[in-house]
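Asks: To start, I am sharing the structure in question, which I have written as structure tokens.
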Amino acid sequence: MSKATKTFFILGLLACFMLPVHAAHPPLKLPYPTPSIIVTAKSRKVETGASYYFDLRLTKDLKKGEWIKIKFPKACVFPSQEGAKSPGYELPEYMVLDYEENIMTLTLLQKLSLKEYDDGWIRISVPDVYGFKNPRKSGAYYFEFSTSAETEWQKSSAVLFVESQIGVPEGIPEVSIVPSLAGQNASYKITFNVGEAGWLKQGEALIRIRFPEATVFSLKEIPGEMILVNGVPLSVRPSPRGQNLIFNTPVEVENSDRVVIQIDAKAGIINPMQAGDYKIEVSTMPADPQWVASKAFAIQSFSMEVKPRKAGLAATYNFVFELEKTLEHSDWIKLGFPQGTIIDPPIPEQEPEKTRRLVKINELIAIAYSPCGACPILPKIEYYPDGSMKSLQVSSPIKIDPSLPGYKELVVTCPDLCGFKTPAKEGFYEYKVSTQRETKEISTTFEIVQSQIGVPTGVPQVIVDPQSMDAQAGYKIIFNVGRGGYLKAHHDYIRLLWGAWYR
């Protein structure tokens, strides 16, 4: 079949049956010998109403008043059969149904001349609004067609109708959250594969997301542009219903295809207040209505503060996390850094310079506000293959019992004097922490940025008083530092430069 393939839409609103238009999705051109009928069902799910697309190859012209017959599998359900409710659309006069044989007969309202069609291929579309339904049981089924000019039945290739569920046979929902911190406003990325018959019709099919009970929606209505489905924003604002978020898909999704839902942090979804493992449930309507739970994702009670957060600068790092088990004196704490974190100047390779440098880092780092210098064990550093710092292992200078007041939340501080420089490129980076008593690493993300005064807001403004020429004046200068423009008290400085015309 070629680009010249035509489509016949069976719609009650049409003035006549045969309205030739180019097929929106022309069937593939196949080499001979092939079946003369190719059938596409959307959806292919059992016991579901579907739209059927019949691509037929004719070899003889048909006159006005002649017919095309399509025989459905006996397992398919015809409209209004077995007490089915009316689909809401009356069947057109040119369509006659034989319920005994499951045959649909279409009478032509105008002549069908094959010279208008390349290779004789035509398409007949039967929309789901008429109420045709797929078989109740999964399996391979066959359709047939004949015409008044070619009365011998032509059999289709197998059409597979299936049970369908999200994530089967692959693509169980997965959830990524930034930041993954308890009680924080976060962005969500939810990915999954629809089922084998999970086709979603653009603008009509529904995607449903059920969040954990402890999740909070801070907005009554979420702006459509805050949610993307496969990169396309929603056209209608979704409204949360309890813990559910329900919206129409803005894109078509084929059977078994992947869905990527991105929810911006500005949508106002707030993580549960308690740390732990959580799951999100996903379903679609009408294709895969069963709720399917995602793989577990962790909400952490671990946060990072990097000052300044600007790319490529020595910074102070605060690792803030909760302890569950007591740390004894000299127990280790391991801090994980993202690739690209540079130690400047590098740790010397030769002794005694190496030991002196590690002793200095030990003296600078504070654990629970106590300096590590009190602990004789030197830090251990691991590196990535590119030479950047992967982890820093330090030892607790005191016993830390989380059951005591003030020790449940632990803060480990690595001052900027340690020389740990942030990665050279902006972006979200992962930091990790573990202890000798809780060896499973937990992680969180932190954004490292480029930075410039006045960006994104607060370009410098100057107020001069008085504004008279050649007068001794006072100056008031107002500006916003950049996103990574943190200034350390009594350490960093501000520079002002007057033009050459000032004196």
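The values are calculated or read from the model by the stated rules, or taken from the named source; none is laboratory data. Not measured: the values here are computed from a predicted model. Cβ: placed from backbone, ideal geometry, glycine included. Neighbour counts: every protein chain shown. All accessible areas refer to the heavy atoms of the entire protein, side chains included, with ligands and DNA or RNA removed. Shrake-Rupley method; radii C 1.70, N 1.55, O 1.52, S 1.80 Å.
Asks: Might you check whether a residue that is at pLDDT 95 or above and of a type in the set (Gly, Ala, Ser) occurs anywhere in region 328-336?
Replies: yes
Asks: Moving to a separate point now. Select from region 348-378 the residues that are open to solvent by less than 30 Å² (accessible area, probe 1.4 Å) and in contact with a Gly (Cβ under 9 Å, 6 or more places away or on another chain) and write down the one among them that is nearest to LEU327 (Cα to Cα).
Replies: Here the residue is ALA368.
Asks: Can you pull out every residue in region 283-332 that is among the hydroxyl-bearing types (Ser, Thr, Tyr), buried (at least 19 other Cβ atoms within 10 Å of the Cβ) and assigned to a loop (DSSP other than H, G, I, E, B)?
Replies: Across region 283-332, the qualifying residues are SER294, SER301.
Asks: Of all the strands (runs of 3 or more DSSP E) wholly in region 1-94, which have at least 1 residues that are modelled with pLDDT of 55 or more, aliphatic (A, V, I, L, M) and within 14 Å of PRO127 (Cα to Cα)?
Replies: Working: elements: 6-9, 37-42, 51-57, 67-71.
Hits in region 1-94: 37-42.
Asks: To continue, here is another question. Mind listing whichever residues of region 237-282 are in contact with a Leu (Cβ under 9 Å, 6 or more places away or on another chain), open to solvent by less than 40 Å² (accessible area, probe 1.4 Å), more than 30 Å from VAL159 (Cα to Cα) and not polar (S, T, N, Q)?
Replies: PRO238, PRO240, ILE246, PHE247, ILE261, ILE263, ALA267, GLY268, ILE269
Asks: Follow-up question, since we're still on this one. Looking only at residues that are over 30 Å from GLN262 (Cα atoms) and open to solvent by 50 Å² or more (accessible area, probe 1.4 Å) in region 154-177, which one is modelled with the lowest pLDDT?
Replies: Residues of region 154-177 that are over 30 Å from GLN262 (Cα atoms), as a first pass: 154-161.
Narrowing further to those that are open to solvent by 50 Å² or more (accessible area, probe 1.4 Å): 154-155, 157-158, 160.
On the way: GLN154: 94, LYS155: 94, SER157: 89, ALA158: 92, LEU160: 92.
Checking each candidate, the answer is SER157.
Asks: Consider only pairs whose beta carbons are under 6 Å apart and that are at least six residues apart or on different chains; among these, list those whose first residue lies in region 440-457 and is part of a strand (DSSP E or B) and whose second residue is of a type in the set (Asp, Glu).
Replies: If the second residue must be of a type in the set (Asp, Glu), the pairs left are SER443/GLU430; THR445/GLU430; ILE448/GLU426; VAL449/GLU426.
Asks: Can you name the number of the only condition in (1) among the hydroxyl-bearing types (Ser, Thr, Tyr); (2) open to solvent by 40 Å² or more (accessible area, probe 1.4 Å); (3) under 30 Å from SER303 (Cβ atoms) that SER138 fails?
Replies: (3)
Asks: Which of (1) charged (D, E, K, R); (2) part of a loop (DSSP other than H, G, I, E, B); (3) closer than 21 Å to LEU323 by Cα does GLU430 not meet, given it meets every other one?
Replies: The failed condition is (2).
Asks: List every residue pair whose Cβ atoms lie under 8 Å apart, where the two residues are 6 or more positions apart in sequence or sit on different chains, the first residue falls within region 46-72 and is farther than 19 Å from ALA197 by Cα, and the second residue, located anywhere, is open to solvent by 40 Å² or more (accessible area, probe 1.4 Å) and of a type in the set (Val, Ile, Thr).
Replies: From region 46-72, the pairs are ASP55/THR40; GLY65/THR107; GLU66/THR107; TRP67/THR107.
Asks: Something else about it: Would it be correct to say that LEU109 is touching a residue at least 12 places away in the same chain (Cβ under 8 Å), more than 30 Å from ASP257 (Cβ to Cβ) and in contact with a helix residue (DSSP H, G or I) (Cβ under 7 Å, 6 or more places away or on another chain)? Steps first, answer last, please.
Replies: Numbers: touching a residue at least 12 places away in the same chain (Cβ under 8 Å): yes; more than 30 Å from ASP257 (Cβ to Cβ): yes; in contact with a helix residue (DSSP H, G or I) (Cβ under 7 Å, 6 or more places away or on another chain): no.
Considered against the rule, which asks whether it is touching a residue at least 12 places away in the same chain (Cβ under 8 Å), more than 30 Å from ASP257 (Cβ to Cβ) and in contact with a helix residue (DSSP H, G or I) (Cβ under 7 Å, 6 or more places away or on another chain), LEU109 comes out as no.
Asks: If you don't mind, there's one more thing I want to ask. Within region 446-467, is there a residue that is open to solvent by 100 Å² or more (accessible area, probe 1.4 Å) and more than 42 Å from the chain's Cα centre (by Cα)?
Replies: Yes, some residue in region 446-467 is open to solvent by 100 Å² or more (accessible area, probe 1.4 Å) and more than 42 Å from the chain's Cα centre (by Cα).
Asks: Any idea which of (1) β-branched (Val, Ile, Thr); (2) surrounded by fewer than 20 Cβ atoms within 10 Å (Cβ to Cβ); (3) modelled with pLDDT of 95 or more is the one THR151 doesn't satisfy?
Replies: THR151 satisfies every listed condition except (3).
Asks: Continuing with this model, one more query. Is it the case that LYS432 is buried (at least 16 other Cβ atoms within 10 Å of the Cβ), closer than 30 Å to SER187 by Cβ, among the charged types (D, E, K, R) and at pLDDT 90 or above?
Replies: Working: buried (at least 16 other Cβ atoms within 10 Å of the Cβ): yes; closer than 30 Å to SER187 by Cβ: yes; among the charged types (D, E, K, R): yes; at pLDDT 90 or above: yes.
Here the answer is yes, as LYS432 does meet what is asked.
Asks: Which one of these does VAL194 not meet: (1) at pLDDT below 95; (2) open to solvent by less than 50 Å² (accessible area, probe 1.4 Å)?
Replies: Condition not satisfied by VAL194: (1).
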